[in-house]
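Everything below concerns the one structure shown next.
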Amino acid sequence: RKEVEQDPGPFNVPEGATVAFNCTYSNSASQSFFWYRQDCRKEPKLLMSVYSSGNEDGRFTAQLNRASQYISLLIRDSKLSDSATYLCVALSSSNYKLTFGKGTLLTVNP
Amino acid sequence: GAVVSQHPSWVICKSGTSVKIECRSLDFQATTMFWYRQFPKQSLMLMATSNEGSKATYEQGVEKDKFLINHASLTLSTLTVTSAHPEDSSFYICSARGGVTSGSGEQFFGPGTRLTVL
């Protein structure tokens, strides 16, 4: 089983739609979790951290459920510029290694 | 956020040659740098972790004699792909992590180097 698993998509949604991404992780030693965004042929960029208490940043909401080892990202009122691959990432508490999911491709259509 | 640069941004080389990729942290001292590889439509895969002044730690399946890593200073790490072959063609990305004062271990990514081996 992969350490971090994501629905690969692709997700094709119209502008203004709400879209949710899910992610599960298998390593209970993982300390922290993040969502990164990666545009085509670019490096990943940190979108937001994920906390058990939930984390909201504008149109983006991330949630962590440690009991079920589940992470989510919700994007409201999708914009064309949200089109990208969204990567679920776990940070190891022992060696600070990041483990990336395969990513979920989102395309927001006009 | 902190800035990490990589050079070159892309390189095309002949099979059998060696290619060196540089990763620099421009505005902070990186105690640890990580090297990743990403094949098309795949996730980033960690290749190795390098700590300044010590030998790199390679992930399982990554040949240390083929992918030479040097982290000679707190702002520079290099990855040399020796005797490159077409299957080494990939997107190589480095990231840098500062010390405790740099926060909760956030890694800052370089822009990546696209290697094509003919």
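Numbers for the structure displayed
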quantity: Filter result (away from chain A (no Cβ under 11 Å), surrounded by 14 or more Cβ atoms within 10 Å (Cβ to Cβ) and in a loop (DSSP other than H, G, I, E, B)) within segment B:18-31; calculated: B:28, B:29, B:30
quantity: Single residue of B:26, B:79 found to be within 11 Å of the chain's Cα centre (by Cα) and aliphatic (A, V, I, L, M); calculated: B:79
quantity: Candidates B:39, B:34, filtered to the one that is surrounded by 18 or more Cβ atoms within 10 Å (Cβ to Cβ) and in contact with a Ser or Thr (Cβ under 8 Å, 6 or more places away or on another chain); calculated: B:34
quantity: Qualifying residue in segment B:51-64 (condition: among the β-branched types (Val, Ile, Thr), open to solvent by 30 Å² or more (accessible area, probe 1.4 Å) and assigned to a strand (DSSP E or B)); calculated: yes
quantity: Test: residue in segment A:4-26 that is at positive phi and either open to solvent by 60 Å² or more (accessible area, probe 1.4 Å) or under 11 Å from the mean Cα position of the chain (by Cα) (or both); calculated: no
quantity: Selection status of residue B:106, more than 10 Å from every other protein chain (Cβ to nearest Cβ) and over 10 Å from the mean Cα position of the chain (by Cα); calculated: no
quantity: Test: residue A:102 is within 11 Å of chain B (Cβ to nearest Cβ), touching a residue at least 12 places away in the same chain (Cβ under 8 Å) and open to solvent by 70 Å² or more (accessible area, probe 1.4 Å); calculated: yes
quantity: Residue match in segment A:45-53 (condition: closer than 23 Å to residue B:93 by Cα, surrounded by 12 or more Cβ atoms within 10 Å (Cβ to Cβ) and touching a Cys at 6+ places or on another chain (Cβ under 6 Å)); calculated: no
quantity: Number of the exception - residue B:65 against (1) acidic (Asp, Glu); (2) in contact (Cβ under 8 Å) with a residue 40 or more places away in the chain; (3) farther than 18 Å from residue A:43 by Cβ; calculated: (2)
quantity: Wholly within segment A:1-54, strands (runs of 3 or more DSSP E) carrying at least 1 residues that are under 15 Å from residue B:107 (Cβ atoms) and of a type outside the set (Val, Ile, Thr); calculated: A:30-38, A:44-50
quantity: Pair list, Cβ < 6 Å and 6+ apart or interchain, from segment A:76-97 residues that are more than 17 Å from residue A:46 (Cβ to Cβ) and at the interface with chain B (Cβ under 9 Å from one of its Cβ atoms) to residues that are of a type outside the set (Gly, Ala, Ser) and open to solvent by 10 Å² or more (accessible area, probe 1.4 Å); calculated: none
quantity: Residue in segment A:60-78 that is touching a Cys at 6+ places or on another chain (Cβ under 8 Å) and within 23 Å of residue B:35 (Cβ to Cβ) present; calculated: no
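Rundown of residues vs (1) under 26 Å from residue B:118 (Cα atoms); (2) at pLDDT below 95, yes/no style:
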| position | (1), (2) |
| --- | --- |
| B:4 | no, yes |
| B:16 | yes, no |
| B:37 | yes, no |
| B:41 | yes, yes |
| B:49 | no, yes |
| B:56 | no, yes |
| B:64 | yes, yes |
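The values are calculated or read from the model by the stated rules, or taken from the named source; none is laboratory data. All of these numbers come straight from a predicted model, not from anything done at the bench. Glycine also receives a Cβ, built like all others from the backbone with ideal geometry; neighbour counts cover every protein chain displayed. Please note that ligands, DNA and RNA were not included when accessible areas were found on the heavy atoms of the full protein model with its side chains. Shrake-Rupley method; radii C 1.70, N 1.55, O 1.52, S 1.80 Å.
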